[in-house]
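Structure first, commentary second.
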Amino acid sequence: MSMQQYNNLMTHSIKIRKRARNKSGDFYDLSSSTVKGFCQYGNHFYTDEKGEKKLATAIVFLKDDCGIDVNYDYYMIDQLAPYNRPNLEVKKADPIDDPRTGKTHHFECFCT
């Protein structure tokens with residue numbers, strides 16, 4: 001699949017919220033951005049950093065320039081369109097690299 005074909009699939013409006021905790025331990029938004037992506041709902045398994053199999057209720061596909069830092073732990077994703085589905089907690093964000101170039105092709109975010 002060419003990059004143009006892949007980008008044509010990115011039809012959903014997605015808000016990415018980078019979050020942090022305050023002194024009380026409550027979350028607040030550090031920043032947010034709205035990008036194009038694609039949400040695939042349903043049960044999907046992923047492997048966490050401990051090697052354990054976990055269940056996600058959605059995979060969100062994002063372009064390589066979405067701004068996700070895979071080493072940062074606190075992101076929320078809101079699907080804004082075509083449906084409004086807020087508060088998908090990102091449990092794991094995987095960069096998917098193009099083996100021909102070695103550059104990140106897209107990100108797959110496993111959410112609950």
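The values are calculated or read from the model by the stated rules, or taken from the named source; none is laboratory data. Keep in mind that this is a model prediction, so the values were computed, not measured. Neighbour counts are summed over all protein chains in view; Cβ atoms, including those assigned to glycine, are modelled from backbone coordinates with ideal geometry.
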Q) For region 81-112, how many residues meet the condition of being of a type in the set (Val, Ile, Thr), touching a residue at least 40 places away in the same chain (Cβ under 8 Å) and exposed (fewer than 13 other Cβ atoms within 10 Å of the Cβ)? A) 1
Q: Being modelled with pLDDT of 95 or more, loosely packed, with under 13 Cβ neighbours inside 10 Å and within 16 Å of residue 10 (Cα to Cα) is the filter here, so list the residues in region 33-75 that pass it.
A: 33, 34, 40
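Is it true that residue 78 is modelled with pLDDT of 95 or more, part of a strand (DSSP E or B) and crowded, with 16+ Cβ neighbours inside 10 Å?
In short, yes.
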Q: Kindly provide the set of residues from region 4-21 that are at pLDDT 95 or above and more than 15 Å from the chain's Cα centre (by Cα), ordered by number.
A: 20, 21
Q: Output the residues belonging to region 93-112 that are part of a loop (DSSP other than H, G, I, E, B), out of contact with any Ser or Thr (no Cβ under 7 Å at 6 or more places or on another chain) and not charged (D, E, K, R).
A: 99, 101, 102
Q: Inspect all residues belonging to region 31-40 and state whether any of them is among the hydrophobic types (A, V, I, L, M, F, W, C), out of contact with any Ser or Thr (no Cβ under 7 Å at 6 or more places or on another chain) and within 14 Å of residue 88 (Cα to Cα).
A: yes
Q.
Condition first: under 24 Å from residue 4 (Cα atoms) and among the charged types (D, E, K, R). Now tell me which residues in region 49-107 satisfy that.
A. 63, 64, 65, 69, 94, 97, 98, 100, 103
Q) Restricting attention to region 3-46, and to residues there that are of a type in the set (S, T, N, Q) and in a loop (DSSP other than H, G, I, E, B), which single residue is farthest from residue 101 (Cα to Cα)? A) 24
**Q.** Candidates 50, 54, filtered to the one that is in a loop (DSSP other than H, G, I, E, B), farther than 24 Å from residue 81 by Cβ and either in contact with a His (Cβ under 8 Å, 6 or more places away or on another chain) or not small (Gly, Ala, Ser) (or both)
**A.** 50
Q) Any idea how many residues of region 1-21 are free of Cβ contacts under 8 Å to residues at least 60 places away in the same chain and crowded, with 16+ Cβ neighbours inside 10 Å? A) 3
